[in-house]
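Input: a single structure, listed below in structure tokens.
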């Protein structure tokens, strides 16, 4: 059915070593019991390059064809600082994230924006991050932020050699992500 909409995004998957390290960081944060929320499951850890929203199959076909045009070399990245998306004016924190390094990440995202420019608005404030927890309630914002600043990620370098067009199916237990198409970067 053509009118059926599918929730889609473009993302990088992470190597098992990186996912395992993020799980260790999540355990340390969970032990402190500084907020009520949900930690991102291992199978859902990724970096979103572009959220596309609810789109029909015709548009998905166009996106797949355009993403095929991307020619971008394999590049190296690593985990950086841990931070939050929050408001300065109240106790509100929405997301805890880990930043990924590299101008190549930013350049890949810009190339994706360019090939999709007449289908989607460009990302105005892209920051390469992995959402590790979604926060519903913070007990003390300052204590949480101070604790996260003290946590350090391991300096594990890894190659980014592909990206994916994915679909997201929402369920009461949480989202399930499935690959629609894989795009290899150039060697």
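The values are calculated or read from the model by the stated rules, or taken from the named source; none is laboratory data. Since this is a predicted model, take the numbers as computed values, not measurements. When we count neighbours, we look across all protein chains shown, and the Cβ atoms used for this are built from the backbone with ideal geometry, even at glycine.
Scanning region 152-165 for residues that are assigned to a strand (DSSP E or B) and buried (at least 16 other Cβ atoms within 10 Å of the Cβ) yields 160, 163, 164, 165. Each residue in region 128-151 was checked for being touching a residue at least 24 places away in the same chain (Cβ under 8 Å) and either surrounded by fewer than 11 Cβ atoms within 10 Å (Cβ to Cβ) or not in a helix (DSSP H, G or I) (or both), and 14 pass.
Okay, residues lined up against (1) over 22 Å from residue 114 (Cα atoms); (2) modelled with pLDDT under 95:
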| site | (1), (2) |
| --- | --- |
| 2 | yes, yes |
| 7 | no, no |
| 28 | yes, no |
| 74 | no, no |
| 86 | yes, yes |
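In region 81-122, which residue that is assigned to a helix (DSSP H, G or I) and touching a residue at least 40 places away in the same chain (Cβ under 8 Å) is farthest from residue 150 (Cα to Cα)? By that ranking, first place goes to 115.
Selection of region 14-51 for residues being in a loop (DSSP other than H, G, I, E, B) and within 30 Å of residue 121 (Cα to Cα) yields 14, 15, 40, 41, 45. Residue 165: within 30 Å of residue 56 (Cβ to Cβ) and out of contact with any helix residue (DSSP H, G or I) (no Cβ under 8 Å at 6 or more places or on another chain), yes or no? So residue 165 fails the test.
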